[in-house]
């Protein structure tokens, strides 16, 4: 994909597009897009635009996502396609989910169940049904 840039003589030359950065290379802070431009029509749109979530993936994660979609999410097919083990496929998938800040459904459900169990213990403590020592022991026993 190339962007055409007008030269002083009116001729068009192709200019390479660079990948989108989402972190400031100096401070590490989040960046945003401030200008969108179409060289053919001369249209320029200025504002504060969010960088798309999927632009945060590195090239390897992008290829992995494309393979995931081609395999329709079937990890066993991805094993064969990529020539890597199932645990490696899972590890790369987890890495991609982390980069996209997506919490897997099972993990979210588990967190909700743990929170509910802890809430029940604290309610029992508040009502005086159990002692502080018992509540502490029960909370320690709730594993995530």
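Points to keep in mind about this one:
- You will find that of 80, 46, the residue that is in the same structural domain as residue 32 (by TED's automatic domain parsing), without any contact (Cβ under 8 Å) to a residue 24 or more places away in the chain and more than 21 Å from residue 23 (Cβ to Cβ) is 46 and no other.
- If you go through region 88-108 and pick out every residue that is more than 27 Å from residue 51 (Cβ to Cβ) and exposed (fewer than 11 other Cβ atoms within 10 Å of the Cβ), you end up with 1.
Each row is one residue, and each column tells you yes or no for (1) assigned by TED's automatic domain parsing to the domain that holds residue 23; (2) part of a helix (DSSP H, G or I); (3) more than 30 Å from residue 31 (Cα to Cα); (4) touching a residue at least 40 places away in the same chain (Cβ under 8 Å).
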| site | (1), (2), (3), (4) |
| --- | --- |
| 62 | no, yes, no, no |
| 88 | no, yes, yes, no |
| 92 | no, yes, no, no |
| 118 | no, yes, yes, no |
| 122 | no, yes, yes, no |
| 128 | no, no, yes, no |
| 135 | no, yes, yes, no |
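- Candidates are the residues of region 39-60 that are outside any helix (DSSP H, G or I) and under 19 Å from the mean Cα position of the chain (by Cα); the one that is farthest from residue 102 (Cα to Cα) is 49.
- Enumeration of residues in region 94-115 that are over 16 Å from residue 73 (Cα atoms), in contact with a helix residue (DSSP H, G or I) (Cβ under 7 Å, 6 or more places away or on another chain) and assigned to a helix (DSSP H, G or I): 99
The values are calculated or read from the model by the stated rules, or taken from the named source; none is laboratory data. Since the structure is predicted, the reported quantities are computational estimates derived from the model, not experimental observations. Neighbour counts are summed over all protein chains in view; Cβ atoms, including those assigned to glycine, are modelled from backbone coordinates with ideal geometry.
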